[in-house]
Amino acid sequence: MPEPLSETIRRAQAGDQAAIASLVAEQQRYVYSIAMTITKDPADAADLTQDALIRFIRAIGSYRGETKLSTWLYRLVVNLGIDRMRRRGAPPIRLDDEGVDVDVVSDDPIDDVAAVAERAEEAQIVRAAVAKLPDAQRLALTLHYFEDQRYEDIAEVMGVPLNTVKSHIRRGKERLAVLLRPKLDTRVAQGSC
Amino acid sequence: MDDRQLWPDGQPAWERDVDALVRPSLLIDPPADVQRSILATVLQATARTQAAVMPTPIGEPGARSIPLAAYLLLAAVLVAYVAAISSLQGLFGGAGWVPALFTQLLAVSERLVGPLPTGEPLALIWLLLQRAPWLALLPLGWLLWERDRVAARAA
């Protein structure tokens with residue numbers, strides 16, 4: 001995950017439009033990815049991304065460097081997203097528990113994923129599998145895959161203890177390994193040929 | 001999960017496979033038009049906020065607006081000065097009091113509001129009078145014309 005240069009941050013705090021544009025451009029995909037993880041809807045994710053970035057830039061003058069700027073931003077996105085979903089009457093997003101387990105037997109994930117595979121690209125298959133995970137695991141994994149975000153940073157963004165983050169990530173990966181078994185087997189077979 | 005097959009860094013093989021498959025798919029770029037729209041909206045919103053909190057720049061020559069009080073003060077000085085000079089001219093019958101009046105007015109205005117740009121009415125009038133002194137006769141011409149008009153109507 002790219003942490004903005006301190007010079008860029010300083011210029012953005014001074015109101016330099018070029019620096020602000022640079023910050024927005026480089027952070028947009030990460031913010032949008034988190035927003036997609038929370039809302040699961042492209043239009044909602046775009047709205048949330050825009051709202052979060054406006055608040056982020058307006059508040060950047062008060063940033064004093066106590067934490068990484070990216071961590072600060074992602075926490076803002078997560079909080080805004082959870083608040084937005086709550087106001088819409090969606091089921092509450094809890095980041096401190098494992099959520100409802102995916103029943104990998106009754107859900108017949110292999111057939112489900114195989115069916116998706118016939119009409120979708122690999123990325124869509126993976127996203128479909130990730131969408132089956134509980135909210136907390138989904139968000140923890142998304143942050144985890146942002147270019148090796150540290151567990152401590154993820155814990156700060158999600159506002160949960162470090163061990164909870166480790167548990168979310170571990171269990172999320174285990175479930176994905178089951179859900180994506182056909183795809184993983186194909187890749188392993190292709191790799192061994 | 002089978003954790004017995006480990007990579008040299010201690011990570012189980014299955015986990016590495018999951019990472020390799022999932023990582024590229026979880027980072028999602030918004031569509032290009034959405035990216036442009038978000039960037040434009042953020043810049044517009046933040047620029048508006050900054051403009052609202054930006055203090056008004058002061059001390060920039062040519063960009064400063066002259067307060068109304070300065071104009072009123074100048075007008076008061078002008079009236080007093082015209083009255084005093086006129087009465088002196090009437091007493092001693094001297095000449096050239098109009099250029100002296102404007103010179104003094106400009107000196108006073110400079111002291112009050114700083115050097116006047118040429119767009120200021122007072123400086124513009126002074127420049128016009130320097131280049132075409134006959135313009136100073138226009139008020140006199142208008143007074144004579146008005147007097148004749150009234151006289152003709154009375155007749």
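The values are calculated or read from the model by the stated rules, or taken from the named source; none is laboratory data. Since the structure is predicted, the reported quantities are computational estimates derived from the model, not experimental observations. Because the Cβ atoms are built from the backbone with ideal geometry, glycine has one as well, and the counts that use them run over all protein chains shown.
Counting residues in segment B:24-37 that are outside the structural domain of residue B:126 (by TED's automatic domain parsing), within 35 Å of the chain's Cα centre (by Cα) and at pLDDT 65 or above gives one or more. Hey, any hits in segment A:50-61 for a residue that's over 20 Å from residue B:38 (Cα atoms), at pLDDT below 90 and not assigned by TED's automatic domain parsing to the domain that holds residue A:155? Yes: one or more hits. Here residue B:116 meets each of (1) at pLDDT below 65; (2) exposed (fewer than 14 other Cβ atoms within 10 Å of the Cβ); (3) of a type outside the set (Gly, Ala, Ser) with one exception, condition (2). Residue A:18 meets the stated requirement of being within 14 Å of chain B (Cβ to nearest Cβ), at pLDDT 85 or above and over 19 Å from residue B:31 (Cβ atoms). Within segment B:1-21, restricting attention to residues that are more than 7 Å from chain A (Cβ to nearest Cβ) and at pLDDT 85 or above, which residue is surrounded by the fewest Cβ atoms within 10 Å (Cβ to Cβ)? Of everything passing the filter in segment B:1-21, B:20 is surrounded by the fewest Cβ atoms within 10 Å (Cβ to Cβ). Looking across segment A:152-178, the residues that are free of Cβ contacts under 8 Å to residues at least 24 places away in the same chain and buried (at least 18 other Cβ atoms within 10 Å of the Cβ) come down to A:154, A:155, A:177.
Test residue A:183 against the stated conditions and say whether it is assigned to a helix (DSSP H, G or I), within 14 Å of chain B (Cβ to nearest Cβ), surrounded by 19 or more Cβ atoms within 10 Å (Cβ to Cβ) and modelled with pLDDT of 90 or more. For residue A:183, the condition - assigned to a helix (DSSP H, G or I), within 14 Å of chain B (Cβ to nearest Cβ), surrounded by 19 or more Cβ atoms within 10 Å (Cβ to Cβ) and modelled with pLDDT of 90 or more - is not met. What residue, among those in segment A:29-45 that are surrounded by fewer than 22 Cβ atoms within 10 Å (Cβ to Cβ) and not β-branched (Val, Ile, Thr), is nearest to residue A:80 (Cα to Cα)? In this case the residue turns out to be A:44.
I need a count of the residues in segment B:22-46 that are farther than 30 Å from residue A:178 by Cα, within 7 Å of chain A (Cβ to nearest Cβ) and not aliphatic (A, V, I, L, M). The total comes to 3. The set of residues from segment B:63-81 being within 16 Å of residue B:111 (Cα to Cα), among the small types (Gly, Ala, Ser) and at pLDDT below 75 comprises just one member, B:65.
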